[in-house]
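Undergrad: Got a structure here, written out as structure tokens. Questions coming.
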Amino acid sequence: QVHLVESGGGLVQPGGSLRLSCAASGSIFRIYYMAWYRQAPGEQREYVATITHDNTTNYADPVKGRFTISRDNAKTTVYLQMNSLTPEDTALYFCNAGATVRTGRGVSDYWGQGTLVTVSS
């Protein structure tokens, strides 16, 4: 019903920056929130940041002051600007969205396939 496609991942040197994008498509009625999660090798998936339909944002402590989440005017694309990257930021980054579809009644949770971010010299 709702497809999420992440892009922008890649290899970055420590201290560098990277901007991730997540585009939503499908029979979308409304997207209530979009978020980013990440999973490093051997670790559990962890929350990174969220932006709601009214542009309220929230960040996990490890990324506060370094990462910025935002949306486009149509609110169908979410971005994650990542600055001052460290090797600890290396992970598979997943896009997450809560949305209603045109033929549905309630909010459902959707996930993208992930984009890999590697921070290394």
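Undergrad: Name the GluC sites (Glu not before Pro) in the range 15-95 that are in a loop by DSSP and that have at most 10 other C-beta atoms within 10 Å, would you?
TA: Numbers: sites: GLU43, GLU46, GLU88; in loops: GLU43.
Sparse-neighbourhood loop GluC sites (Glu not before Pro): GLU43.
Undergrad: While we're here: So for ARG66, ARG105, ARG45, ARG19, what's the accessible-area order with a 1.4 Å probe, most first? Display every interim value, and only then the final one.
TA: Values: ARG66 45, ARG105 240, ARG45 105, ARG19 125 Å².
The residues order as ARG105, ARG19, ARG45, ARG66, largest area first.
Undergrad: Would you work out what percent of the accessible area of the chain, with all protein chains in place, is carbon or sulfur (probe 1.4 Å)? Show your work: numbers first, answer last.
TA: Details: 3040 of 6540 Å².
The C+S portion of the solvent-accessible surface of the chain is 46 percent.
Undergrad: On a 1.4 Å probe surface of the protein chains, which of THR103, THR50 comes out largest in accessible area, and what is the full order? Write down the numbers at each step before the final one.
TA: Working: THR103 120, THR50 25 Å².
In descending accessible area the options line up as THR103, THR50.
Undergrad: Given R₀ = 41 Å, FRET efficiency for GLN13-ALA74 by Cβ-Cβ distance, to 0.05?
TA: Working: r = 33 Å, r/R0 = 0.81.
About 0.80, to the nearest 0.05.
Undergrad: Taking K and R as +1 and D and E as -1, what net charge do the other residues with C-beta under 13 Å from the C-beta of GLY16 add up to? Provide the component values of the computation, followed by the final result.
TA: On the way: positive: ARG19, ARG66; negative: ASP89.
In short, +1.
Undergrad: Any idea of the accessible area per residue across the chain, 1.4 Å probe, to the nearest Å²?
TA: Working: 6540 Å² over 121 residues.
Result: 54 Å² per residue.
Undergrad: Could you put HIS53, HIS3 in order of accessible surface area, largest first, with the 1.4 Å probe and the full protein assembly present?
TA: Numbers: HIS53 65, HIS3 115 Å².
Of HIS53, HIS3, the descending order of accessible area is HIS3, HIS53.
Undergrad: What distance in nm lies between label points placed 7 Å from Cα along the C-beta direction at SER121 and TYR47?
TA: Output for this residue pair reads 3.5 nm.
Undergrad: Counting alpha carbon pairs within less than 8 Å and at least 6 residues apart, what relative contact order, in whole percent, applies to the range 57-97?
TA: On the way: 24 pairs, mean separation 11.9, N = 41.
So the answer I get is 29 percent.
Undergrad: Another question, if that's okay. Considering the zone a paramagnetic label at VAL5 would reach in this model (a point 7 Å from Cα along the Cα-to-Cβ line), which residues of the range 87-121 have amide N under 12 Å from it?
TA: Output list for this probe position: 113.
Undergrad: Contact order normalised by length for the chain, with contacts defined as Cα pairs under 8 Å and 6 or more residues apart; what percent is it? Walk me through the intermediate numbers first.
TA: Values: 308 pairs, mean separation 44.5, N = 121.
Rounded, it is 37 percent for the chain.
The values are calculated or read from the model by the stated rules, or taken from the named source; none is laboratory data. Just so you know, these numbers come straight off a predicted model, no measurement behind them. Every residue, glycine among them, receives a Cβ derived from its backbone with ideal geometry; neighbour counts consider all protein chains shown. With ligands, DNA and RNA removed, areas are computed over all heavy atoms of the protein, side chains included. Shrake-Rupley method; radii C 1.70, N 1.55, O 1.52, S 1.80 Å.
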